[in-house]
Amino acid sequence: MNELRKDRLSNHIRYVWPAYIISALLIAGGLSFIFQAVHKLPEYKTLTIFVSGKVTDGKALKEDLLNTYQDKELKSVSTISADPNEGHYNTKLTIPGYSSADVLIIPVSKLENLDASYFAIDLKDELITNFYSGYSFYKQDEVNYGIKINKETVKPYMSLPNEDCYMFLNGNSHNIGEYANKPVKEHDLALHLVKEWGM
Amino acid sequence: MNYQLDISKEYQNARKKVTLLSLAFSLIFSLILIADVLLVIFANEDYKLNLIIAIIISILFAWGAIFFFPNFYNDIFKKYTFYKSYESGLKETAEVEFDKEINEPVTKDSNGLYLYPVHVTYLDGLSRVSKVIYTLEKDLNFKKGDKLTVTTYQRVIIKAESHL
């Protein structure tokens, strides 16, 4: 290789290196976007839980739920946590809580100022008979909305406030079977989860 | 001693190389594109492996293209356009005295052509003007003081005839 070509190659590396970095980033980003768009997990295979407190072991929670609900095709578990004592709690509860969570765990003290009908389905007699017979409920205007959570069951995964906490089923969820706004009877992961964690 | 650059042959060679390289690039690009599409189509919900393979082959291809075009393809393409424009371009014929040639190439006018500088003195009546012209090939085998009639195109020697 002659000197001129060596010079040109070293100049090329010196001045064109950003193109290598930018092209790699664009390709990685673009392909990730395409793969994600084409193979997006159906919503009934993902479970999102809003936790009013701290998720202490998200990994174990995910693994345990994936194992438990393997036969129901659960593929992804995610959590949204918010400390009820922090200023942004209500904002987090609204976005992304109301908008994307399947199950919302809320302490009773926070429920006093909330309209449960806004974010949770009312637990009809049929649903209670089929899933939650004998459980404790959170009532508002004589309508059952929440199921009391058994803190001992979730203790390995999260730390909740020292008061009663209730689980609510979001009407927008795709995992509450025929009780969802878009009902599909077979997709009832959240109903089973609440049954397992409730008391 | 004479020197004659066979423009038509060089043009054909350059054209062949440009065509081959363009075809090779298009073929590899198509294969990479097809591979990426297949990797997307045949991936399942756990698509990490497919995604990583697609990213690696695409990045390697892009980096190859970024390196190849300015450093190699450009040189061949410049030669091709030089020969292509020769027929319609202005040629200059002049009497010169050969001074020396330099066997390390340069790129004239930053146009990407690799050329060897040749120092000559133009003999125009009583005036003598030293100039640098270029040749595409090393070692013209002229000696210092040789009187030549040179035909140049864009200051590149196409033909040189010794007066001896």
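What the table below lists for this structure:
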item	result
Set B:Leu21, B:Leu5, B:Leu51: member being hydrophobic (A, V, I, L, M, F, W, C), surrounded by 13 or more Cβ atoms within 10 Å (Cβ to Cβ) and within 9 Å of chain A (Cβ to nearest Cβ)	B:Leu51
Among (1) surrounded by 13 or more Cβ atoms within 10 Å (Cβ to Cβ); (2) aromatic (Phe, Trp, Tyr); (3) more than 9 Å from chain B (Cβ to nearest Cβ); (4) within 24 Å of B:Leu33 (Cβ to Cβ) - the single one A:Phe35 does not satisfy	(3)
Residue ranges of strands (runs of 3 or more DSSP E) in the stretch B:88-164 with at least 1 members without any contact (Cβ under 8 Å) to a residue 60 or more places away in the chain and surrounded by fewer than 16 Cβ atoms within 10 Å (Cβ to Cβ)	B:91-101, B:114-124, B:127-135, B:147-153
When residues of the stretch A:51-71 are limited to those that are among the basic types (Lys, Arg) and in a helix (DSSP H, G or I), the one surrounded by the most Cβ atoms within 10 Å (Cβ to Cβ)	A:Lys62
Search result, residues across the stretch A:16-29 that are at the interface with another protein chain (Cβ under 10 Å from one of its Cβ atoms), exposed (fewer than 13 other Cβ atoms within 10 Å of the Cβ) and not hydrophobic (A, V, I, L, M, F, W, C)	A:Gly29
Answer residue from the stretch B:24-48, given it is acidic (Asp, Glu) and without any contact (Cβ under 8 Å) to a residue 12 or more places away in the chain and is farthest from the other protein chains (Cβ to nearest Cβ) among those	B:Asp46
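Conditions tested, residue by residue: (1) at pLDDT 90 or above; (2) touching a Cys at 6+ places or on another chain (Cβ under 6 Å); (3) under 30 Å from A:Leu111 (Cα atoms); (4) more than 10 Å from chain B (Cβ to nearest Cβ).
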site	(1), (2), (3), (4)
A:Leu41	no, no, no, no
A:Val51	yes, no, yes, yes
A:Asn67	yes, no, no, yes
A:Gln70	no, no, no, yes
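The values are calculated or read from the model by the stated rules, or taken from the named source; none is laboratory data. Quick caveat, the model's predicted, so the values are computed rather than measured. Virtual Cβ from ideal backbone geometry, glycine too; neighbours counted across all protein chains shown.
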